[in-house]
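As structure tokens, the structure follows; a few thoughts come after it.
The values are calculated or read from the model by the stated rules, or taken from the named source; none is laboratory data. Remember, it's a predicted structure, so these values are computed and weren't measured experimentally. A quick note on method: Cβ atoms are made from the backbone with ideal geometry, for glycine too, and the neighbour counts reach across all protein chains shown.
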Amino acid sequence: MPPIARPGGPVVVTGGAGAIGTLLVEALVKRGNEVRIIDNLSSGRRAHLDRLGRPDGWKLVISDLRQDGPWTDEFRGAREVWHLAANPDIRRGTEDPRLDLEHGTIATFHVLEAMRRHDVPRVHFSSSSTVYGMPTIFPTPESYGPLLPESLYGASKLASEGLVSAYASCYGTTSYIFRFANVIGPLMTHGVLFDFFEKLARDPSRLEVLGDGRQAKSYLRTEDCVDAMLFASERTHDRVNFFNLGTGDRISVREIAEKVVRAHGGGARIEYTGGTRGWPGDIPQQDLAIDKISRLGWKARWNSAGAVDLSIEEMRQSISARTR
Ligand SMILES: NC(=O)c1ccc[n+]([C@@H]2O[C@H](COP(=O)([O-])OP(=O)(O)OC[C@H]3O[C@@H](n4cnc5c(N)ncnc54)[C@H](O)[C@@H]3O)[C@@H](O)[C@H]2O)c1
């Protein structure tokens, strides 16, 4: 087992006001890091950071990574960067083809340039299973190729992985690339559960499900996602370290829809729009091999069904607290 490095000191988290970013910041502050969050609050929320308490050990800089700017000063003296900022919504990226290029690829370039300017030695990048496109091997290992993404979101993640890898080679940065399965948990402002609850709030009598419901994917709890990233970062020290992060199992959209309807009182009719994909660029079957991170000794606390159940219960409780 390689030695466990526990880096203290200042760190930069981009997208730190987002659903995954907030929990990551919380863990880093607990670890003793001074955290500098850079976020434009496009899908993240300042209120998410309330759970951290008063700004003791962290600060929020509201800036947009699409432009180089004074936000890069935050990289001075930083030990490492966690680059999570991106457009999180695959469908929006198809409607607006510049979106992922700018918030994904260009933003990643600006982050890597800021690191180079300030000699920041380590970067962690939140990539996605979408870089595999429509794989033909299941579970899909990190070594799978060719990587032919189906969405502009996936294309931007793959381009960003390329930049991260090239900066590692050209400028000596130690890099971590994490290809997430679907991540669910508190604070989400997008994704299948969020969509289903929104639809039922608008019309409690019916739930429209995109596709035939047979799409099946791995759903990882946000806490597990953060835990896995920190775990790998502390134990692997190659120039470029890359991992799939998932649960090792899957759940279908049909099962998720039925669970949500039950949690909502059971009265809604489920209507499938049909077709194998939910939307253009959707990857209907996703099953990530997690042997690589498992070999390090990491294990998810929740499987996909457990992650979905807990997240549904949290959403149900937060809706009933709001309507009380
Ligand atoms: N949630 C998932 O299922 C999932 C799956 C695979 C990969 N990812 C990746 O994980 C990361 C975090 O996702 P999340 O689910 O927490 O989404 P999120 O939307 O909650 O977080 C993204 C954050 O980035 C910020 N941001 C976006 N564009 C920015 C810009 N140009 N400048 C500054 N800040 C900007 C947003 O305001 C938000 O706070 C993203 O890179 C996402 O692509 C998420």
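A few notes on this one:
- Pairs, first more than 11 Å from residue 184 (Cα to Cα) in region 296-322, second among the acidic types (Asp, Glu) and part of a helix (DSSP H, G or I), C-beta under 6 Å, six or more apart: 300/224; 301/224
- Residues that are in contact with a Leu (Cβ under 9 Å, 6 or more places away or on another chain) and outside any helix (DSSP H, G or I), drawn from region 220-260: 220, 221, 236, 243, 244, 245, 246, 247, 248
- Near pairs, Cβ below 8 angstrom, 6+ apart or cross-chain, from region 82-111 (more than 18 Å from residue 150 (Cα to Cα)) to any residue that is aromatic (Phe, Trp, Tyr) and buried (at least 21 other Cβ atoms within 10 Å of the Cβ): 83/125; 108/125
- Selection within region 29-43: residues that are under 14 Å from residue 61 (Cβ atoms) and in contact (Cβ under 8 Å) with a residue 40 or more places away in the chain. The member of this set that is farthest from the ligand (Cβ to nearest atom) is 36.
- Residue in region 4-21 that is within 13 Å of the ligand (Cβ to nearest atom) and free of Cβ contacts under 8 Å to residues at least 40 places away in the same chain present: no
- So residue 128, is it modelled with pLDDT of 95 or more and closer than 23 Å to residue 231 by Cβ: yes
- Answer residue from region 157-174, given it is surrounded by fewer than 22 Cβ atoms within 10 Å (Cβ to Cβ) and not in a helix (DSSP H, G or I) and is nearest to the ligand (Cβ to nearest atom) among those: 174
- One residue alone among 62, 90 is modelled with pLDDT under 95, in contact with a helix residue (DSSP H, G or I) (Cβ under 9 Å, 6 or more places away or on another chain) and near the ligand (Cβ under 10 Å from one of its atoms), and that residue is 90.
- Among the residues making up region 200-209, those that are touching an Asp or Glu at 6+ places or on another chain (Cβ under 8 Å) and either crowded, with 18+ Cβ neighbours inside 10 Å or not charged (D, E, K, R) (or both) are 207, 209.
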